[in-house]
Amino acid sequence: MQAKNLFQTAVFTAAVAFFTVQPATAADVAKLTGSGASFPAPIYTTWFKEFSRANADIQVNYQSKGSGAGIKDFMSHTVDFAASDAAMTEEEIAKVPEGVQLLPMTAGEIVLAYNLEGVKDLKLSRAVYPAIFLGKIKKWNDPAIVASNPGVKLPDQDITVVTRADSSGTTFVFTQHLNAISSDFKSALGFGNTVNWPAEAKIVKSPKNDGVSATLKQTPGAIGYVEYGFARESKMEMVHLENKAGKFVAPGLEGGQEALSKAVIPENMIAWLPDPDGDKSYPIATYTWMVFYKKNSDPKKAEALRKMVTYCLDEGQKIADKAGYIPLPANVVEKVRAATANIQ
Amino acid sequence: MVTNPLGLDDSSGLTQPPSAGDIFVNKSFKALTAFFTWATILLLAYIVFKIGSEALPAVSKYGLEFLTSTTWDVNEGKFGILPEIWGTLYSSLLALGLGGFFGIAIAIFLTQDFLPYRVEMVLKNIIELLAAIPSVVYGLWGIFVLIPLLRPMCNFLNTNFGGIPFFSTSLSGPGMFPAALVLSIMILPTVAAISQDAFRAIPLKTKEAAFGMGTTRWEAILRVMIPTASGGIFGALVLGFGRALGETMALAMLIGNSNKISLSLFAPGNTLASLLALNFPEAGNHETSVLMYAACILLLITLLVNIAGAFIIAKTGSGGK
């Protein structure tokens, strides 16, 4: 009897605790949901985890579905913020009545990774790599490639080009760059999240960054574009690309930061670097953005969002390099910090 | 004493009329099964309706040209799926050829007394386990194991017999042949399991009669057992083909996703299912409609295959279905 009483009391207490305490904490915890770009997803997830640990009253949930899907969610108001590699178009921004604030959060490089046994530090000139991706240069020992690699023994092997099969911000940035440096490429394919790659037997497409990496690693004579972090993690050889100043630059932190420093961030925070100036600039670098509503219905939520951005700017940038991204230059950090006030 | 074989003994309770509870259970069970059956059919109808209505703008805009043009260019708004239709049918037919042959061979081996019954059961279960491997794993296995293994052989065929259209390109990585090979392994358990059922369904007397007429074992298998089971075997092939048509992830990883129509086994191609899987997540409003149109075509192809299968089974008549 006593045991039963005890049990009842316990259940009752638990129930009371559940119904009284739970709503109280739930009201205190601000839950932020976001979705979008998969390219910065690894670093965002780390940031948000650390951020929630430091701020027990804010929980951030980020789903990496791709830039396009993130923008779609944002425009249908199912998330509190989105992330996109392709920023947002004027047209899309005009459709959001609350107003849109884009903030560059981190930046990345796109590299050409390749698989050629015994060939290290391959150099490709501005004339050559657009032609490879157009299927016009087909052999590794093509005179145009040999010319910029004196002393390197290049095999008489077919070049297999690996591109992205799915729609992707990576393709957007890469083709945008190729458009800037090659009029042939511009007139043949244009740029976008997907382009109509030539239907050649030696141009194949694989899904996602990991798919491209796997295909590259398994295919002798292959070349393809992936994000720097992926290429570094899977220990692939990366091409040194010729930049606008005519210098060959290896991908990495230094070249990336140099490239970013050449971009002037305008009022709407959307800056592209299709072809950066500077001797040390790595040619294919890009910002990636978080997208916020200017007017949020809940002031508490707006405050939580501002806190989150501030954390990413202060603490977040410190781990960017280790994670394979380029930290924002100091002047950009200050600009973003000022713009954060627009999230109300 | 011989008791009543029908058990008409009142004390056993067998002759009692069903109680109200029995009737209720009976009726509600019947209603429930009817409900689920109709719900499934309605769900299918709804899916078809939904896909169809979303596809309508694209159907009216691109019409039949969609089926015959070969460009897929989102930026210029040009869409055509002939290479995907070709790739879907080509890869599935290749897979059906390979998977069908091995599947039926396995079924014969496991049902015609070549092995002790216990061993048969063990092997049967192991082969059915193939069906439990996720598609992505097949894809990865294809990339990391199968392609490097096939490459030397394929390139040998290309350099020495490049004149034959099937071998006219070299295999660099992803391509039609590795994709079809993996696909054939994926449909193997379906074909093998259903063909085995077809063989097991043949009454023992049929085989006894064949032996009684003085046939050898092989004559019995080839002239009597296979024709008798042909209806079931054909059903197995149709099902396997249907599965091959709709297979997505492994193919997206292995086929190369290139908009190219080529007879060459080693050239990359594309299929409808992988086109859909790879383009849906980031499709804009307009592209979604076009993809829905492509989905309708895939549905239609699958439907036609099944109808043709059912028709042929009906025509060939009997058989151990």
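The values are calculated or read from the model by the stated rules, or taken from the named source; none is laboratory data. This one's a predicted model, so the numbers in the text were calculated from it and none came from an experiment. A quick note on method: Cβ atoms are made from the backbone with ideal geometry, for glycine too, and the neighbour counts reach across all protein chains shown. These area figures cover heavy atoms from the full protein model, side chains too; ligands, DNA and RNA do not enter into them. Shrake-Rupley method; radii C 1.70, N 1.55, O 1.52, S 1.80 Å.
Assorted remarks:
- Each other residue within a Cβ distance under 11 Å of B:F79 adds +1 if Lys or Arg and -1 if Asp or Glu, for a net charge of -3.
- Taking 7 Å steps out from each Cα toward its Cβ at A:W272 and A:S297 produces label points 3.5 nm apart.
- Placing +1 on the Cβ of every Lys and Arg and -1 on the Cβ of every Asp and Glu, with nothing else charged, gives the protein assembly as shown a dipole about its Cα centre of roughly 800 debye.
- The shape of chain B comes out oblate: with a ≥ b ≥ c from the C-alpha gyration tensor, a/c is at least 1.5 while a/b does not beat b/c.
- Computed from phi, the 3J(HN,Hα) profile of region B:253-265 under the Karplus parametrisation 6.51, -1.76, 1.60 (θ = phi - 60°) reads 7, 10, 8, x, 6, 9, 6, 9, 9, 8, 6, 4, 6 Hz, with x in place of Gly and Pro.
- Cα gyration tensor shape of the protein assembly as shown, rounded if a/c is under 1.5, else prolate or oblate by comparing a/b with b/c: oblate
- For region B:117-126, 3J(HN,Hα) per residue [Karplus equation, 6.51 cos²θ - 1.76 cosθ + 1.60, θ = phi - 60°, Hz, x = Gly/Pro]: 3, 4, 5, 3, 5, 4, 5, 4, 5, 5
- Label-point gap, in nm, between A:N331 and B:K315 - each point 7 angstrom along Cα→Cβ: 7.7
- The spacing between region A:144-192 and region A:210-284, judged by their C-alpha centroids, is 12 Å.
- Where chain A is the region considered: accessible area per residue in Å², 1.4 Å probe: 44
- For chain A, leaving out every one of the GluC sites (Glu not before Pro) that falls in a DSSP loop and has at most 14 other Cβ atoms within 10 Å, the longest unbroken run is A:118-266.
- Rounded to the nearest 0.05, the FRET efficiency derived from the C-beta distance between A:T46 and B:F36 at R0 = 51 Å is 0.65.
- Inter-chain Cβ neighbour count for A:191-199, averaged per residue, equals 6 (cutoff 10 Å, partner chain atoms only).
- Between A and B, buried accessible area from a 1.4 angstrom probe totals roughly 2400 Å², ignoring ligands, DNA and RNA.
- Region B:48-133: chymotrypsin sites (Phe, Trp or Tyr not before Pro) in DSSP loop, at most 16 other beta carbons within 10 Å: B:F114
- Taken as entire DSSP H runs, the helices of chain A that both span 27 Å or more between Cα atoms along their own long axis and average -0.5 or more on the Kyte-Doolittle scale are A:2-28.
- Between B:K30, B:K205, B:K61, the residue with the greatest mean-square fluctuation in the GNM of chain B (Cα pairs under 10 Å linked by springs) is B:K30.
- Ordering B:T248, B:A314, B:A267 by the projection of their Cα atoms onto the charge dipole of the protein assembly as shown, which places +1 on the Cβ of Lys and Arg and -1 on the Cβ of Asp and Glu, puts B:A314 at the extreme positive end.
- Largest GNM mean-square fluctuation among A:V204, A:V162, A:V119, using chain A with Cα springs under 10 Å: A:V119.
- Built amide H within the under 5 Å cut-off of A:V100, gap 5+: A:K294
- Estimated FRET transfer efficiency (A:R232, B:I47; beta-carbon r; R0 41 Å; 0.05): 0.40
- Bridge orientation summary for chain A: considering DSSP beta bridges with both residues in this region, about 55 percent are antiparallel.
- Cα gyration tensor shape for region A:109-260, rounded if a/c is under 1.5, else prolate or oblate: rounded
- Residues of region B:274-315 whose accessible area, computed with a 1.4 Å probe over protein heavy atoms, drops by at least 50 Å² once all protein chains are present relative to their chain alone are B:L278, B:E282.
- Between the helical axis of B:226-246 and the longest alpha-carbon principal axis of chain B there is an angle of about 40 degrees.
- Under-5 Å amide H pairs with A:K139, H placed in peptide plane, nonlocal only: A:I159
- Inter-chain Cβ neighbour count for A:202-212, averaged per residue, equals 6 (cutoff 10 Å, partner chain atoms only).
- Carbon + sulfur, % of accessible area of the protein assembly as shown - ligands and nucleic acids excluded, 1.4 Å: 64
- Full-stretch length increase - B:N155, B:V119 - with 0.36 nm per residue and alpha-carbon distance subtracted: 9.0 nm
- Average beta carbon contacts from partner chains per residue of A:213-224, 10 Å cutoff: 4
- One chain, two ends: A:A245 and A:K136. Fully extended at 0.36 nm per residue, the span grows by 36.8 nm beyond their Cα-Cα distance.
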